[in-house]
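To keep things clear, I will list the structure first and then write my remarks on it.
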Amino acid sequence: MSTESGQAYERLPEDETAPLEILYEDSYVQVSTRALVIKRYYFPSFGSRAIPWNKIEWVHLARDANVKCYELKDWGMGIGSIWWNCRSRLIVRGTRPYTLKINGLQNTLASNIVVKVKNAWIRPGSYVDRPDLAMAAIGQLIYRNHPHSN
């Protein structure tokens with residue numbers, strides 16, 4: 001793992017000449033042809049974690065990964081094996097200025113992803129702004145990088 005400008009990267013594919021195509025990006029994740037990048041991941045530096053596609057077993061919405069309420073946390077690891085990036089999951093901004101609301105558990109589980117990295121016990125987790133678009137892009141790249149897809 002190396003660090004560059006506050007970002008931590010697992011070994012990315014050697015072919016740095018391949019064009020970088022970003023299929024989905026928001027304030028919390030970036031889905032590119034090289035890696036899945038989880039932003040605001042490391043404590044306390046807010047560094048990002050880039051996971052190359054050949055290191056990913058699967059990515060699911062938290063509800064599909066059977067995440068329980070006690071496994072959720074705003075940053076770091078709750079009770080369980082998921083390390084979450086920095087984002088308030090249960091208390092969010094309301095629709096009116098200066099208001100807060102409690103985000104329901106089902107909505108929280110439907111808007112967060114969990115990543116299973118090969119040979120790793122800790123699973124990275126992140127909020128995504130548009131779960132439908134993010135999962136479509138992730139699914140396309142997991143399929144493209146699967147060893148049996150050729």
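General remarks:
- Considered as a group, the residues in region 81-103 that are modelled with pLDDT of 70 or more and under 25 Å from Gly139 (Cα atoms) include one that is surrounded by the fewest Cβ atoms within 10 Å (Cβ to Cβ), and that residue is Ser81.
- Exactly one residue out of Tyr70, Tyr42 is at pLDDT 90 or above and either farther than 24 Å from Ala136 by Cα or touching a helix residue (DSSP H, G or I) at 6+ places or on another chain (Cβ under 9 Å) (or both), and it is Tyr42.
- Per-region count, region 50-80, residues of a type outside the set (A, V, I, L, M) and either closer than 19 Å to Asp129 by Cβ or open to solvent by 80 Å² or more (accessible area, probe 1.4 Å) (or both): 13
- When region 23-49 is filtered for residues that are aliphatic (A, V, I, L, M) and either farther than 26 Å from Leu109 by Cβ or open to solvent by less than 30 Å² (accessible area, probe 1.4 Å) (or both), the ones remaining, listed by number, are Val29, Val31, Ala35, Leu36, Val37, Ile38.
- Filtered by the rule that a residue be charged (D, E, K, R) and either touching a residue at least 12 places away in the same chain (Cβ under 8 Å) or under 22 Å from Trp75 (Cβ atoms) (or both), region 104-150 gives Lys116, Lys118, Arg123, Asp129, Arg130, Arg144.
- Close pairs (8 angstrom Cβ cut-off, 6 or more residues apart or separate chains): free of Cβ contacts under 8 Å to residues at least 40 places away in the same chain in region 61-73, open to solvent by 90 Å² or more (accessible area, probe 1.4 Å) and in a loop (DSSP other than H, G, I, E, B) anywhere: Tyr70/Ile79; Glu71/Ile79
The values are calculated or read from the model by the stated rules, or taken from the named source; none is laboratory data. Everything numeric in this text was worked out from a predicted model, so none of it was measured. Reconstructed Cβ throughout: ideal geometry from the backbone, glycine too, with neighbour counts over all protein chains shown. Each accessible area value is taken on the protein alone, full model and side chains, heavy atoms only, with ligands, DNA and RNA left out. Shrake-Rupley method; radii C 1.70, N 1.55, O 1.52, S 1.80 Å.
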